[in-house]
There are 2 protein chains.
Amino acid sequence: MALTGFLVRGLHCYRKNSCLKTNSVCFLQTFSPIFQLEEYGKLLSGSDIAEKIQTSLCDQVQKFKLHHSCFTPQLAIVQVGARKDSNTYIRMKMKAAEKIGIIATHFCLPSTTNQTELLKTISHLNLNPSVHGIIVQMPLDSANMIDSTLITDSVIPNKDVDGLNTINQGKLAVGDLASGFLPCTPNGCMELIRRTGILIEGSKAVVVGRSKIVGTPTAELLKWHNATVTICHSKTKNLPEVIADADILVVGIGQPNMVKGDWIKPGAVVIDCGINSLPDTKRSTGYRLVGDVDFEKARKRASWITPVPGGVGPMTVTMLMKNTVFAALKSTLGNKV
Amino acid sequence: MALTGFLVRGLHCYRKNSCLKTNSVCFLQTFSPIFQLEEYGKLLSGSDIAEKIQTSLCDQVQKFKLHHSCFTPQLAIVQVGARKDSNTYIRMKMKAAEKIGIIATHFCLPSTTNQTELLKTISHLNLNPSVHGIIVQMPLDSANMIDSTLITDSVIPNKDVDGLNTINQGKLAVGDLASGFLPCTPNGCMELIRRTGILIEGSKAVVVGRSKIVGTPTAELLKWHNATVTICHSKTKNLPEVIADADILVVGIGQPNMVKGDWIKPGAVVIDCGINSLPDTKRSTGYRLVGDVDFEKARKRASWITPVPGGVGPMTVTMLMKNTVFAALKSTLGNKV
């Protein structure tokens, strides 16, 4: 892409979206492309966008309550064991739920829980009409062998606010984006991409990673938003060459800083779904979180890039809340939603 | 790809596969690349491969009968109305079934059939333990509005030998290729590709078309066979440029001769899923069938290419039979299959 094109698109994005952070307040007055590339504001803050969406969801819930006083969206979060990272994610979900007006209940089962017991818990929640959404926190921290796909699929489709059971994956694959729930991380990525203002239709999108949680459904979503999508994985040859062609790049592979800055096409939108912990003696925690993309170098080429943390993570939580509110509305209003 | 590479791969393919037709019997003795390109045998005959697989399935059924005398795979083909093309396809399926030793029963419902009646028919077949596979012939030729997805999904997953219901699509999307049924046309494409001897892992595959029957599941299969897959559609820009990069090209868009010969990468494997009727006064029928790829020009660049007719079509029918035999074996032996 010519540099001019990149800059024009960049300006377009900035004008349309108030949630996009910029480091350069006066780039409209500069004319040196190099200067602009270095100075161009391109931080795509998931935290800011998530906050706005959560505020909007809160308003929606409050307004709906005016006419349906009993309306209270309820989310059941089922956890087996006590993995530290799971505890952190669950806390984030509980906090977001509280802010919006969703009752989130944490079902914390011991690590001795077996498959039958877990299925029984989910079955009770499936049958409970006041519970609108169920999420089983993965990975399971159990002393017993539990089939995680069986567990995910045991959540009935109309409470599968995580959007990860097989029926919802199938719907997404064939382009039915309306009747099920969209999976949270991929839907969060799409929301971030949309807010940059880039024209998804006709763009070249590259998704690195084919996991059932991130890569596969994100590629499907981009395809049904009319991007030409290439999906890459561990067996892909010449990954830098494939990435160099991407107008939109989504990475979800769990390898710290694996995608180098100079692989990025100038002007690309980069969404980093990775969240990896690296030792860091300079920090009190002893570690720092980084994504799958070498952020500092990539931001010099990308038009917009998500930070880690504060990029995709908050959007995932927010999309879970959006699905829960939608499930509750659907349960109350039926097909009128 | 260098011409040498193409030729080496071509030879490799020829040696490994007896089902591949060649127009040139003495290419091993020629050394002019141009001459070889023009003369190289590269017809990937679905008819021949299908015949061999059907013979093998027939043997399998007969052998199994020696120990389980009551074993008879049964396939129910449900049709609404009487579309001419559907009648032709059903005849092909009945003929293949008979050859293999599958009892295929044609349930021909009038075009006045409504959704409830059709669902009732499928429900009976779902409950009938002697029926192992059910296929509803699409498109439905009904005077009434019928939701075709609802119909496809009403076939219980363990009889969905068409592999097209939402659960089977979901399984395929996330890489579970074993517990459900693979959709017939995509699975036939994979069988054809495998028989060329090309190394799928690490190859660049381009799928043109994103239909739920052909493009989407074929892209998923290629992805889970470790190709780097790009999926193109009506909104793709610079289609010739994308196709020019494909080691494996699968086209399923229903547009006669849409993909031009000079778009093909020299040495590519080309699978044409299109079947289009063009007026032809020279033929007694008044028409001829052509694919989505300009066959005559493409065969000069491809290493292997499927003809239309006689390419993907017979493989689709054969994969349906394979799924039906598998369903019957599974029903008889349970998880031991």
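Remarks
- One residue alone among B:L182, B:L199, B:L249, B:L221 is within 23 Å of B:P309 (Cβ to Cβ), assigned to a loop (DSSP other than H, G, I, E, B) and among the hydrophobic types (A, V, I, L, M, F, W, C), and that residue is B:L182.
- Restricting attention to the range A:151-179, the residues that are touching a Phe, Trp or Tyr at 6+ places or on another chain (Cβ under 6 Å) and more than 14 Å from chain B (Cβ to nearest Cβ) total 1.
- Pick from the range A:175-199, criterion of a type in the set (A, V, I, L, M) and in contact with a strand residue (DSSP E or B) (Cβ under 7 Å, 6 or more places away or on another chain), ranking: surrounded by the fewest Cβ atoms within 10 Å (Cβ to Cβ): A:I198
Yes or no, residue by residue, for (1) more than 18 Å from the chain's Cα centre (by Cα); (2) on the phi < 0 side of the Ramachandran plot; (3) among the aliphatic types (A, V, I, L, M); (4) more than 10 Å from chain A (Cβ to nearest Cβ):
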position	(1), (2), (3), (4)
B:D141	yes, yes, no, yes
B:I146	yes, yes, yes, yes
B:E201	yes, yes, no, no
B:V207	no, yes, yes, yes
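- Scan of the range B:209-220 for residues that are more than 10 Å from chain A (Cβ to nearest Cβ) and more than 20 Å from B:L44 (Cα to Cα), ordered by number: B:G209
- Test: residue in the range B:227-245 that is over 22 Å from A:E201 (Cβ atoms), buried (at least 24 other Cβ atoms within 10 Å of the Cβ), facing chain A (nearest Cβ under 10 Å) and not hydroxyl-bearing (S, T, Y): yes
- Helices (runs of 4 or more DSSP H) fully within the range B:77-165 counting 3 or more residues that are charged (D, E, K, R) and more than 29 Å from A:Q169 (Cα to Cα): B:84-100
For every residue, the table says whether it meets (1) polar (S, T, N, Q); (2) touching a Gly at 6+ places or on another chain (Cβ under 8 Å); (3) free of Cβ contacts under 8 Å to residues at least 40 places away in the same chain.
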position	(1), (2), (3)
A:D245	no, no, no
A:W263	no, no, yes
A:G267	no, yes, no
A:L278	no, no, yes
A:T285	yes, no, yes
A:R288	no, no, yes
A:R299	no, yes, no
A:V312	no, yes, no
A:L329	no, no, no
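- Within the range B:26-41, none of the residues are at pLDDT 95 or above and outside any helix (DSSP H, G or I).
- Selected residue [more than 18 Å from B:D176 (Cβ to Cβ) and at pLDDT below 95] from A:S111, A:S123, A:S179: A:S179
- Which numbered condition B:R301 fails, given (1) out of contact with any helix residue (DSSP H, G or I) (no Cβ under 9 Å at 6 or more places or on another chain); (2) surrounded by 17 or more Cβ atoms within 10 Å (Cβ to Cβ); (3) of a type outside the set (S, T, Y): (1)
- Given (1) surrounded by fewer than 16 Cβ atoms within 10 Å (Cβ to Cβ); (2) modelled with pLDDT under 95; (3) closer than 30 Å to A:L127 by Cβ, number of the condition A:F71 does not satisfy: (1)
- Subset of the range A:209-218 (residues that are surrounded by 23 or more Cβ atoms within 10 Å (Cβ to Cβ) and assigned to a loop (DSSP other than H, G, I, E, B)): A:G209, A:R210, A:V214
- Pairs with Cβ under 6 Å, 6+ apart, first in the range B:191-213 and within 28 Å of B:S148 (Cβ to Cβ), second of a type in the set (V, I, T) and modelled with pLDDT under 95: B:K212/A:V174
- Out of A:T285, A:T318, A:T218, sole residue that is in the same structural domain as A:V208 (by TED's automatic domain parsing), under 19 Å from the mean Cα position of the chain (by Cα) and of a type in the set (S, T, Y): A:T218
- Boolean, A:W224 is within 11 Å of chain B (Cβ to nearest Cβ) and among the aromatic types (F, W, Y): yes
- Among the residues making up the range B:307-337, a single one is hydrophobic (A, V, I, L, M, F, W, C), modelled with pLDDT of 95 or more and in a loop (DSSP other than H, G, I, E, B): B:V308.
- Tally of residues being surrounded by fewer than 19 Cβ atoms within 10 Å (Cβ to Cβ), under 22 Å from B:A97 (Cβ atoms) and β-branched (V, I, T) across the range B:128-174: 1
- Checked against (1) touching a strand residue (DSSP E or B) at 6+ places or on another chain (Cβ under 8 Å); (2) over 21 Å from B:G313 (Cβ atoms), B:S123 meets all criteria but (1).
The values are calculated or read from the model by the stated rules, or taken from the named source; none is laboratory data. Predicted model only: the values in this text are computed from it and were never measured. Note that we place each Cβ from the backbone using ideal geometry, even for glycine, and neighbour counts take in every protein chain shown.
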